[in-house]
Amino acid sequence: MHMEANHEEKRNAALKRALLILSCVLLSIGACGGPLIMRLYFIHGGKRVWLSSWLETGGWPIIFIPIALAYYHRRTTEGPSTKLFFMKLPLFIASAVIGLLTGLDDYLYAYGVARLPVSTAALITAAHLVFTALFAFLLVKQKFTSYSINGVFLLTIGAAVLGLNTSADRPKGESDKQYIAGFMMTFSSAALYGFVLPLVELTYKKAKQTITYALVLEIQLVMCLFATIFCTVGMLINNDFKVIPREARNFELGESRYYVVLVFSAIVWQGFFLGAIGIIFCASSLLSGIVIAVLLPVTEILAVIFYHEKFQAEKGVALALSLWGFVSYFYGERKYSKQKESETKNEKEKEVEIGKKDTPETAEVSQLDP
């Protein structure tokens, strides 16, 4: 019996590890590809910020595919009585509220990318890790080591260094006022998303039902749906739907490629959100924030390669500080996990020793003793 339980435990751990790796891959595609495709839209004549923000979560129907696959798997193992959806009303309401916050965050980020080079926006976004760490501590009682604190501090300094020379990489034809507005919007987006990640983790912990990956997909579906509704209202007010055909005709890469850019943007961003929420499920909101931050230097390098963006000394210093912060955090986490494993192993050994002492033979002897 003990061996069967141990085997099941190992199997679940392996599945969770595989899911974590898949989530990291999805997040990597979304975190690197999303900003690049969004910037491609703006560089070649796109001007609709609300449309860009809508595309960040507009691909939410894609989530029906893994939900349907998970349902089919349950149906073959559990029979026709299995449920298609597990979400209860309190969890639905919480997911909807987080979705509306995500919609606001989408707009703030899209506004920033419309005004800033991708490499600059990526470095500013690194500041979200500070807010993720702060809110993770306040909301879910995340524990910190001296290494993780040092990592967060270095990432903060790295983002602040960019503010020293804000006009050096300003796109042509853009005023200081527009550039600073983009800078502030991107920073606000980083702060808000730093709040959203721990809020999702808190929702998992406070939910009065078992959190499975199938339920995580449902939560993501509701979040993206309400974020899209939020952005749809913005598009209606801004008359974006009426302008899309005209903007497509005037798009520098051609009308058909305009729609290809929009579709791919929606698909790639969905990978970002599925990856982020998957990592929170398998590990923590702070790890999700760390992985996003780790991918930022990759995004910067890709932006310099594909869009020939300038890479001034300030960006070099910010990048070096960011990488130093990443290394510090991961070293600390690795050290902490090894220490935790060692403590768990010692506890199990003590339990085994106590179990051996409390054998039936020992119990019989104790009963015979006067």
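Rounded to the nearest 500, the 222 nm mean residue ellipticity of the chain from helices alone is -28500 deg cm²/dmol, with -39,500 (n - 2.57) taken per DSSP H run of at least 4 residues. For Asp240, Asp176, the ranking by accessible surface with the largest value first comes to Asp176, Asp240, using a 1.4 Å probe.
Axis of helix 313-357 versus longest Cα principal axis of the chain: the two differ by about 10°, to the nearest ten degrees.
Of the listed residues Met235, Met87, the order by accessible area with a 1.4 Å probe, largest first, is Met87, Met235. Relative to the dominant Cα principal axis of the chain, helix 255-282 is inclined by about 30°. Amide H contacts for Glu309 (H built 1.01 Å from N in the peptide plane; partners 5 or more residues away or on another chain; cut-off under 5 Å): Val304.
Using a probe of 1.4 Å, the accessible surface attributed to Ile305 totals some 100 Å² when neighbouring protein chains are kept in position.
Taking a ≥ b ≥ c as the square roots of the eigenvalues of the Cα gyration tensor, an a/c ratio of 1.5 or more together with a/b no larger than b/c marks the range 1-85 as oblate.
Over 19 Å between C-alpha atoms is what I'm after, so list which of Lys143/Lys338; Lys177/Lys315; Lys88/Lys206; Lys88/Lys141; Lys88/Lys208; Lys143/Lys350 land there. Let's see the in-between values first.
Numbers: Lys143/Lys338 15 Å; Lys177/Lys315 21 Å; Lys88/Lys206 13 Å; Lys88/Lys141 25 Å; Lys88/Lys208 9 Å; Lys143/Lys350 26 Å.
Flagged as over cut-off: Lys177/Lys315; Lys88/Lys141; Lys143/Lys350.
The charge dipole of the chain, taken about the Cα centre with unit charges on the Cβ atoms of Lys, Arg (+1) and Asp, Glu (-1), comes to about 740 debye, rounded to the nearest 20. When the chain is treated as a GNM, springs tying every alpha-carbon pair under 10 Å, which of Gly151, Gly278, Gly254 comes out with the largest mean-square fluctuation? Checking each option, the largest mean-square fluctuation is seen for Gly254. When the chain is treated as a GNM with alpha-carbon contacts under 10 Å, the residue of Asn250, Asn239, Asn12 showing the greatest mean-square fluctuation is Asn12. Relative to its Kirkwood radius, the Cα radius of gyration of the chain gives an Rg/Rh of 1.07. Per-residue surface analysis assigns Leu15 an accessible area of about 100 Å², computed on protein heavy atoms at 1.4 Å probe radius.
Computed with a 1.4 Å probe over protein heavy atoms only, the accessible area of Arg246 comes to about 130 Å². Phi angles across the range 73-89 convert, under the Karplus curve 6.51 cos²θ - 1.76 cosθ + 1.60 with θ = phi - 60°, into 3J(HN,Hα) values of 5, 5, 5, 6, 9, 9, x, x, 6, 5, 7, 7, 10, 10, 5, 9, 4 Hz, Gly and Pro given as x.
The values are calculated or read from the model by the stated rules, or taken from the named source; none is laboratory data. Remember, it's a predicted structure, so these values are computed and weren't measured experimentally. Heads up, the Cβs are rebuilt from the backbone with ideal geometry, glycines too, and the neighbour counts pull from every protein chain shown. In case anyone asks, the SASA skips ligands and DNA or RNA and just uses the protein heavy atoms, side chains included. Shrake-Rupley method; radii C 1.70, N 1.55, O 1.52, S 1.80 Å.
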